[in-house]
Amino acid sequence: MKDKDNDTSAPLDAALIEALAAATPPEAPPDDAATRMREALFQRVHAAAPDYLFVHSHEGEWVRFLRGVELKLLRQDGSQRSYLLRMSPGARIPAHGHALDEESLVLEGDVTINGVLCRAGDYHFAPRGKPHGRLTTEGGCLLFVRGAADAHALR
């Protein structure tokens, strides 16, 4: 027969667990440990899904496209690209055409496309062969863009 007072396999009382958690201040791991943990976690995710592509927010390279405009290529499949486009407040992209259909989704901020103000969650489609006016932003924005045949053509 087990001694009830010496049984260490009994679960802790929920109130005791809450009190211990409240009394323990959160502490972030050192930067190098956090980086190692993040890499190990992402390696497990990549290994578990080898046929899928993941580009995490800290991965990839932002490349200057125009003054106040940066691109981060996410995927290229033949002539089609998927990328993030980040515009600083006041930045502009000149009028241009599209060799392929182009889709964009505003993730953050504001952008005016063809005179239409778009905000986070708004979608824009530009058909191939049909030019549109410049893109401008007052407060800055982050867009997801898919389909541009050559994102560097405006350079």
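List of remarks:
- Put in order of Cβ neighbour count within 10 Å, fewest first, the listed residues T24, T35 become T24, T35.
- Distance-filtered residues of region 54-98 - backbone nitrogen under 19 Å, label point 7 angstrom along T35 Cα→Cβ: 56-62
- Computed lengthening from E59 to S79, 0.36 nm per intervening residue step minus Cα-Cα distance: 5.0 nm
- In plain terms, the residue of F54, F65, F144 with the fewest other Cβ atoms within 10 Å comes first and the most crowded comes last, giving F54, F144, F65.
- Computed on region 63-146, with alpha-carbon pairs under 8 angstrom and 6+ residues apart, the relative contact order is 36 percent.
- Sorting the Cα pairs of region 95-141 by distance into bins of 5 Å, from 0 upward, gives 6, 22, 31, 24, 13, 4 percent per bin.
- Alpha-carbon gyration tensor eigenvalues x 5, square-rooted, for region 63-146, Å: 18, 15, 12
Each reported figure results from applying straightforward, stated rules to the coordinates on display, with no laboratory input. What you see is a predicted model, and the numbers here were worked out from it, not measured in a lab. Reconstructed Cβ throughout: ideal geometry from the backbone, glycine too, with neighbour counts over all protein chains shown.
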